[in-house]
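Here is the structure we will look at.
The values are calculated or read from the model by the stated rules, or taken from the named source; none is laboratory data. All values reported here derive from a predicted model rather than from experimental measurement. Cβ coordinates were reconstructed from backbone atoms using ideal geometry, including for glycine residues, and neighbour counts include every protein chain displayed. Please note that ligands, DNA and RNA were not included when accessible areas were found on the heavy atoms of the full protein model with its side chains. Shrake-Rupley method; radii C 1.70, N 1.55, O 1.52, S 1.80 Å.
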Amino acid sequence: MASRKKADEEKLKRRRLAKFRFKRLVHVVICNRYWIAEIEDREIGNNVHRNVAVIDRRLTHKGTLTIIEKKILNSSLEERTENKRHLLRRVLRKIECLHDLSMEQLDNIAGCATFEYFGPGRVILREGHQPHSVYFLANGEIVVSRLTWDSVYRTYNDTPCGTRARGQMFGEIALLHDCLRTATCSTANFDRILRQTLLERWQQLQFALQRFDYFKYWTNAQVRECCLLSRIVTFETQQKLPVDVDKGYAYFVLSGQCMILQCLTVSKKNGSYRLLPIATNDSFTAKQTSSDVLDSKIPQEQPIEHRFIDVGTFSCGSVFGLGEAMKHRMVVARNRVQCLVIPCDWLFEKQQNVGNTWHRIRMKLDMAIQRDRLFELFMRDQHWQCYRKTLVREFVRRNPRQNQTQLADVPIMCRIEQGKV
């Protein structure tokens, strides 16, 4: 009975030991998954599929170190033969900060360098510690930070002050000057690099949505989805907004002003203008020449003109690009403009289009600008300009100028300072 109990205990002990070894093996594999992930296969053999895989890997491989090179770097110094050191010298030559070193210096580094892998968020060097080595970055990014004293909270804060990228070295300052580590070097992760930037961008989009009453009653889920789909775009002065190109996006003006330019295609005969139907010039572009237009049904003896009229202004809080008619019309920035751009197909969904809000705004924009009304205003302006010129000409004729001073009589300095004289 006692022997059976002892045998069961031995069996249970072996099971526990096997389970422990297996967990230990998995832990080692996970810790070293970065440098054992590659399968080195340099030789070309008779297997066609294998040769294709080898060549494809050679063409697409972007890492600095292969598994064989990492294995050499992790071996003891006594095991590094001349061939292995020669292989390491070629690898070290690829690192940007080591390009100018001589072969002797590279051979010395190849004899003592080792390979280490650090996961994201790991501290490699700590400010104030004793220096023992210098590091060359084969892949990834390093964040350099220093301790700064906060006089308000009376504590030290770890403040980022720079980065190190692939091909650069770090940790050499303390060795050069025989002092303690002057900064902390950590591997980059999401929190250190992207969190603050993405959080600021996210808050900027949320703040932009809060400036419009249209989104006041949206749920948090709608606001989050809108922030994912939308973006903030900046346009410089006199830059054309791509409303006619990106027809699937609505523009909400955050700052600045945009002018609406309407092109009226008119024909002139005997001093009078006639508005041509929009179908006559459907293919109108800014680069179209008069010869292209003459191919239409309009008689060639009637010259065709394109008159651009400043219709109005989209200021802060305005919205456009909801699908309104944009033929022969463009939107140009009067000054520096920032717009919140949201996809129209998502905006017109039932959840975001309560009460057909966007349809009603689109109808209002279509009704506000009518070509016939603009042509009437254009003709009124032409009549006024003609009347004014005639009036001024008649006044000058009846009241000739008594002062016979010519432009040449004005001192040159006055003409330089006042160029409009």
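Odds and ends about this structure:
- Candidate set from the range 117-144 (those that are β-branched (Val, Ile, Thr) and open to solvent by less than 50 Å² (accessible area, probe 1.4 Å)); member that is nearest to Leu73 (Cα to Cα): Ile124
- Enumeration of residues in the range 229-264 that are touching a Cys at 6+ places or on another chain (Cβ under 7 Å) and outside any strand (DSSP E or B): Gly248
- Of the strands (runs of 3 or more DSSP E) entirely within the range 135-214, those holding at least 3 residues that are touching a Cys at 6+ places or on another chain (Cβ under 9 Å) occupy 142-150.
- Some residue of the range 278-301 being modelled with pLDDT of 80 or more and out of contact with any Lys or Arg (no Cβ under 8 Å at 6 or more places or on another chain): no
- Residues in the range 349-369 that are farther than 22 Å from Asp310 by Cβ and open to solvent by 90 Å² or more (accessible area, probe 1.4 Å): Lys350, Gln351, Val354, Arg360, Met363.
- When Gln385 is tested against (1) polar (S, T, N, Q); (2) within 30 Å of Arg307 (Cβ to Cβ); (3) assigned to a helix (DSSP H, G or I); (4) touching a residue at least 60 places away in the same chain (Cβ under 8 Å), only condition (4) is not met.
One line per residue, one yes/no per condition, for (1) at pLDDT 85 or above; (2) open to solvent by less than 80 Å² (accessible area, probe 1.4 Å); (3) touching a Gly at 6+ places or on another chain (Cβ under 6 Å); (4) under 22 Å from Gly248 (Cα atoms):
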site	(1), (2), (3), (4)
Cys179	yes, yes, no, no
Thr197	no, yes, no, no
Thr234	yes, yes, no, yes
Thr237	yes, yes, no, no
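- Within the range 335-348, the residues that satisfy the criterion of being open to solvent by less than 80 Å² (accessible area, probe 1.4 Å) and not in a helix (DSSP H, G or I) are Asn335, Val337, Gln338, Cys339, Leu340, Val341, Ile342, Pro343, Phe348.
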